[in-house]
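Colleague: Pasting in a structure now, in structure tokens, and then I'll have a few things to ask.
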Amino acid sequence: MVEAVANIGVVGLAVMGSNLARNLASREGNTVAVFNRSHEKTDTLLSEHPEAEFVGTTSYEEFAAALSKPRTAIIMVQAGKGTDAVIDELTRVFEPGDIIVDGGNALFTDTIRREKDVRETGINFVGAGISGGEEGALKGPSIMPGGSAEAWETLGPILTSIAAIAEGEPCVTHVGTDGAGHFVKMIHNGIEYADMQLIAEAYDLIRRGTGKNPAEIAEIFTEWNTGELESYLIEITAEVLKQVDVKTGRPLVDVILDQAGSKGTGVWTVQNALDLGVPVSGIAEAVFARALSSKTEQRAAASELPGPSSTVAVDDPDAFIEDVRQALYASKIIAYSQGFDAIVAGAEKYNWDIKKGEIAKIWRGGCIIRARFLNRITDAYLENPGLVALVTAPFFTDVVSTAQDSWRRVVAGAAYAGIPTPAFSSSLAYYDGLRADRLPASLVQGQRDFFGAHTYKRVDVEGTFHTLWSGDRSEIESEGSSH
Ligand code: 6PG
């Protein structure tokens with residue numbers, strides 16, 4: 001009979017699960033029980049990593065028996081039905097007070113449902129976003145757990161022992177209750193999509209504007225990575241652009257098919273931002289850009305459509321490159337600003353007490369969007385927790401003030417040259433919309449009232465009004481929309 005010697009267990013030993021289990025085992029005070037449906041994976045992990053002193057198990061009963069109470073297990077299987085199957089098995093062998101953690105990329109509404117169902121058995125359920133990919137799982141991810149305070153009491157120290165460290169602090173916090181953690185991870189992924197799209201547009205502009213080859217552009221990104229744009233995504237971009245394809249000897253980026261995939265987390269971000277009424281234009285354009293890239297039939301049919309030759313006439317390449325860098329920085333600020341707006345709206349709708357400063361803090365390390373300027377975002381929210389728009393924080397207002405001439409030159413130049421920059425352009429449009437003193441929404445209201453009698457407000461008096469468009473066009477005060 002297995003003795004209850006493990007303080008934490010991992011179910012699901014694919015690369016992410018195995019790496020997380022190894023990370024846990026490498027930390028002082030952790031003994032890790034592991035289980036995988038196909039036992040070969042368990043045997044392989046134990047034989048390849050004897051130093052981890054894993055407690056290998058071959059049944060859920062044995063797995064539960066190996067765990068000291070309150071039994072705590074992290075599920076690391078592909079998000080979806082497989083998660084429910086493992087939850088069912090764990091609730092069968094666990095007892096009230098034990099803790100089940102879903103470490104997959106689950107949709108937060110699934111987590112809200114699961115937390116409610118599992119809580120009815122007396123067992124705690126935690127949905128934890130884990131960011132940083134396979135390397136992060138092994139060396140230190142950013143972790144975004146949502147669940148009860150009771151669960152956090154046991155789980156907090158364990159997750160803190162494996163999280164990345166940024167500025168001397170662990171990149172993990174109790175995000176909030178039930179689905180809060182997976183919601184924040186979803187927003188993280190939306191920002192990730194925007195960040196990646198913005199970097200890709202910057203690369204495309206520099207390539208088309210200066211004729212530099214990928215290896216030369218890699219050097220530019222490496223240089224940018226020493227300054228205010230320092231981040232994981234900028235760092236890996238330089239690595240990808242440096243890579244030469246062994247088969248052809250050409251830059252790898254030139255032999256990769258230009259059709260972007262998506263496991264869908266960024267799509268969730270946009271769907272939920274739309275439901276919440278939060279404009280996440282940069283994130284949305286990044287999702288749409290991936291979809292457009294895969295419309296092969298339409299792209300083939302459109303390839304002969306009239307338009308400029310997609311090369312930018314650049315007199316001073318260095319000045320152009322600096323313009324692109326400034327435009328990238330300003331656009332990234334908009335993407336993160338919009339992401340945090342969605343977090344605020346989600347917290348309000350789902351009744352979570354999410355602290356934006358704490359989320360910015362745990363994103364400074366371990367996760368895919370980790371970046372030097374997240375320190376600045378952290379400062380902005382800690383200095384003013386009620387900040388209504390990140391871009392209005394003094395530091396970021398200064399950045400955008402410095403960047404905006406470049407930003408406008410880049411967007412205008414790209415449009416004139418026929419180079420698609422949906423994320424750059426939509427971020428600038430959002431910025432100008434946010435700061436405009438009057439928007440043409442007034443005309444939209446007039447149109448809606450004309451065809452649908454949907455009424456409108458006035459700038460000069462309180463009340464709701466409707467014009468009798470098909471009658472004498474007089475204005476009447478109305479009690480609200482006609483339907
Ligand atoms: C992370 C990443 C990761 C991401 C996958 C799939 O935080 O480690 O966000 O969870 O979901 O890399 O990304 P795609 O949605 O682009 O397929």
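Colleague: Return the residue satisfying two criteria in turn: it lies in the range 82-129 and is among the charged types (D, E, K, R) and within 16 Å of the ligand (Cβ to nearest atom), and of such residues it is farthest from Leu13 (Cα to Cα).
Modeller: Within the range 82-129, the subset among the charged types (D, E, K, R) is 84, 88-89, 92, 95, 98, 102, 110, 113-117, 119-120.
Still in the running and within 16 Å of the ligand (Cβ to nearest atom): 102, 110.
Details: Asp102: 14, Asp110: 22 Å.
So, considering only residues that are among the charged types (D, E, K, R) and within 16 Å of the ligand (Cβ to nearest atom), the one farthest from Leu13 (Cα to Cα) is Asp110.
Residue-by-condition table, conditions (1) open to solvent by 40 Å² or more (accessible area, probe 1.4 Å); (2) of a type in the set (Phe, Trp, Tyr); (3) more than 36 Å from the chain's Cα centre (by Cα):
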residue: Thr402; (1), (2), (3): yes, no, no
residue: Ala412; (1), (2), (3): yes, no, no
residue: Tyr431; (1), (2), (3): no, yes, no
residue: Arg435; (1), (2), (3): yes, no, no
residue: Gln447; (1), (2), (3): yes, no, yes
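Colleague: Let me ask something else. Run Asn19 past the list (1) modelled with pLDDT of 95 or more; (2) part of a loop (DSSP other than H, G, I, E, B); (3) open to solvent by 10 Å² or more (accessible area, probe 1.4 Å); (4) in contact with a helix residue (DSSP H, G or I) (Cβ under 9 Å, 6 or more places away or on another chain) and report the number of the one that doesn't hold.
Modeller: Among (1) modelled with pLDDT of 95 or more; (2) part of a loop (DSSP other than H, G, I, E, B); (3) open to solvent by 10 Å² or more (accessible area, probe 1.4 Å); (4) in contact with a helix residue (DSSP H, G or I) (Cβ under 9 Å, 6 or more places away or on another chain), Asn19 violates only (2).
Colleague: Let me ask something additional. Within the range 277-298, track down each residue that is assigned to a helix (DSSP H, G or I) and either open to solvent by less than 70 Å² (accessible area, probe 1.4 Å) or touching a Ser or Thr at 6+ places or on another chain (Cβ under 8 Å) (or both). Give the derivation first.
Modeller: Taking the range 277-298 first, the residues assigned to a helix (DSSP H, G or I) are 281-293, 296-298.
Hits for the range 277-298 are Ser281, Gly282, Ile283, Ala284, Glu285, Ala286, Val287, Ala289, Arg290, Ala291, Ser293.
Colleague: Here's a follow-up. Can you tell me how many residues within the range 359-383 are within 13 Å of the ligand (Cβ to nearest atom) and outside any helix (DSSP H, G or I)? Spell out the reasoning first.
Modeller: Going through the range 359-383, the residues within 13 Å of the ligand (Cβ to nearest atom) turn out to be 362-363, 365-370.
Applying the additional criterion that residues be outside any helix (DSSP H, G or I) yields 363, 365-370.
Residues flagged as within 13 Å of the ligand (Cβ to nearest atom) and outside any helix (DSSP H, G or I) within the range 359-383 amount to 7.
Colleague: Another question, if that's okay. Consider Leu241 against the criteria (1) open to solvent by less than 50 Å² (accessible area, probe 1.4 Å); (2) farther than 21 Å from Ala202 by Cβ: it satisfies all of them except one. Which criterion is unmet?
Modeller: (2)
Colleague: Same structure, new question: Scan (1) touching a residue at least 12 places away in the same chain (Cβ under 8 Å); (2) assigned to a helix (DSSP H, G or I); (3) open to solvent by less than 50 Å² (accessible area, probe 1.4 Å) for the single condition Ala319 breaks and write down its number.
Modeller: Exception for Ala319: condition (1).
Colleague: Sticking with this structure for a sec: Is it true that Ala151 is assigned to a helix (DSSP H, G or I), open to solvent by less than 10 Å² (accessible area, probe 1.4 Å), over 25 Å from Leu67 (Cβ atoms) and away from the ligand (no atom under 12 Å from the Cβ)? Walk me through it before giving the result.
Modeller: Working: assigned to a helix (DSSP H, G or I): yes; open to solvent by less than 10 Å² (accessible area, probe 1.4 Å): yes; over 25 Å from Leu67 (Cβ atoms): no; away from the ligand (no atom under 12 Å from the Cβ): yes.
Taking the combined requirement at face value, the residue does not satisfy it.
Colleague: Just to verify a result, which residue in the range 154-179, among those that are assigned to a strand (DSSP E or B) and more than 16 Å from the ligand (Cβ to nearest atom), is most open to solvent (accessible area, probe 1.4 Å)? Give the steps one after another, and end with the answer.
Modeller: Filtering the range 154-179 for residues assigned to a strand (DSSP E or B) gives 165-166, 169-170, 172, 176.
Next, only the ones that are more than 16 Å from the ligand (Cβ to nearest atom) stay: 165, 169-170, 176.
Values: Ile165: 109, Glu169: 69, Pro170: 49, Gly176: 10 Å².
The qualifying residue most open to solvent (accessible area, probe 1.4 Å) is Ile165.
Colleague: Let me ask another. Among the residues of the range 240-272, how many are within 16 Å of the ligand (Cβ to nearest atom) and within 24 Å of Ala371 (Cβ to Cβ)? Even if it seems obvious, please write down each step before you answer.
Modeller: Step one: list which residues in the range 240-272 are within 16 Å of the ligand (Cβ to nearest atom), which gives 240, 256-272.
Of the ones still in play, those that are also within 24 Å of Ala371 (Cβ to Cβ) are 240, 260-270, 272.
Of the residues in the range 240-272, 13 are within 16 Å of the ligand (Cβ to nearest atom) and within 24 Å of Ala371 (Cβ to Cβ).
Colleague: I'd like to check something: does the range 201-224 contain any residue that is in a loop (DSSP other than H, G, I, E, B), of a type in the set (Asp, Glu) and out of contact with any strand residue (DSSP E or B) (no Cβ under 7 Å at 6 or more places or on another chain)?
Modeller: Of the range 201-224, the ones in a loop (DSSP other than H, G, I, E, B) are 211-213.
Then keep just the ones that are of a type in the set (Asp, Glu); that gives none.
No, every residue in the range 201-224 fails to be in a loop (DSSP other than H, G, I, E, B), of a type in the set (Asp, Glu) and out of contact with any strand residue (DSSP E or B) (no Cβ under 7 Å at 6 or more places or on another chain).
Colleague: Okay, moving on. Please determine whether any residue of the range 430-445 is closer than 28 Å to Glu477 by Cβ and among the β-branched types (Val, Ile, Thr).
Modeller: Checked the range 430-445: at least one residue is closer than 28 Å to Glu477 by Cβ and among the β-branched types (Val, Ile, Thr).
Colleague: Any idea how many residues of the range 225-258 are among the β-branched types (Val, Ile, Thr), in a loop (DSSP other than H, G, I, E, B) and under 24 Å from Ala194 (Cβ atoms)? Walk me through how you get there before you give the answer.
Modeller: Keep residues of the range 225-258 that are among the β-branched types (Val, Ile, Thr), which gives 226, 234, 236-237, 240, 244, 246, 248, 253, 255-256.
Still in the list and also in a loop (DSSP other than H, G, I, E, B): 226, 246, 248, 256.
Within this subset, residues satisfying the condition of being under 24 Å from Ala194 (Cβ atoms) are 226, 256.
Counting residues in the range 225-258 that are among the β-branched types (Val, Ile, Thr), in a loop (DSSP other than H, G, I, E, B) and under 24 Å from Ala194 (Cβ atoms) gives 2.
Colleague: Just to be sure before I move on: is Ala215 modelled with pLDDT of 95 or more and either open to solvent by less than 10 Å² (accessible area, probe 1.4 Å) or within 16 Å of the ligand (Cβ to nearest atom) (or both) in the structure I sent? Quick ask: steps written out before the conclusion?
Modeller: On the way: modelled with pLDDT of 95 or more: yes; either open to solvent by less than 10 Å² (accessible area, probe 1.4 Å) or within 16 Å of the ligand (Cβ to nearest atom) (or both): no.
Considered against the rule, which asks whether it is modelled with pLDDT of 95 or more and either open to solvent by less than 10 Å² (accessible area, probe 1.4 Å) or within 16 Å of the ligand (Cβ to nearest atom) (or both), Ala215 comes out as no.
Colleague: Right, another one. Among the residues of the range 449-483, how many are open to solvent by 40 Å² or more (accessible area, probe 1.4 Å), among the aliphatic types (A, V, I, L, M) and in contact with a His (Cβ under 7 Å, 6 or more places away or on another chain)?
Modeller: 1
Colleague: In this structure, does Thr222 turn out to be surrounded by 15 or more Cβ atoms within 10 Å (Cβ to Cβ), under 20 Å from Pro420 (Cα atoms) and free of Cβ contacts under 8 Å to residues at least 40 places away in the same chain?
Modeller: Working: surrounded by 15 or more Cβ atoms within 10 Å (Cβ to Cβ): yes; under 20 Å from Pro420 (Cα atoms): no; free of Cβ contacts under 8 Å to residues at least 40 places away in the same chain: yes.
Here the answer is no, as Thr222 does not meet what is asked.
Colleague: Exactly one condition in (1) open to solvent by 20 Å² or more (accessible area, probe 1.4 Å); (2) over 23 Å from Glu167 (Cα atoms); (3) in contact with a Lys or Arg (Cβ under 8 Å, 6 or more places away or on another chain) is false for Pro385; which is it?
Modeller: (2)
Colleague: Out of the residues in the range 259-276 that are among the small types (Gly, Ala, Ser) and open to solvent by less than 60 Å² (accessible area, probe 1.4 Å), which is farthest from Met196 (Cα to Cα)? Full working, then the answer.
Modeller: To start, the set of residues in the range 259-276 that are among the small types (Gly, Ala, Ser) comprises 260-262, 264, 266, 273.
When the remaining residues are screened for being open to solvent by less than 60 Å² (accessible area, probe 1.4 Å), the result is 260-261, 264, 266, 273.
On the way: Ala260: 11, Gly261: 13, Gly264: 15, Gly266: 12, Ala273: 19 Å.
Checked the range 259-276; the qualifying residue farthest from Met196 (Cα to Cα) is Ala273.
The values are calculated or read from the model by the stated rules, or taken from the named source; none is laboratory data. Note that the structure is a prediction, hence the values are computed from the model and not measured. Note that each Cβ is placed from the backbone with ideal geometry, even for glycine, and that neighbours are counted across all protein chains shown. For accessibility, only protein heavy atoms count, side chains too; no ligands or nucleic acids. Shrake-Rupley method; radii C 1.70, N 1.55, O 1.52, S 1.80 Å.
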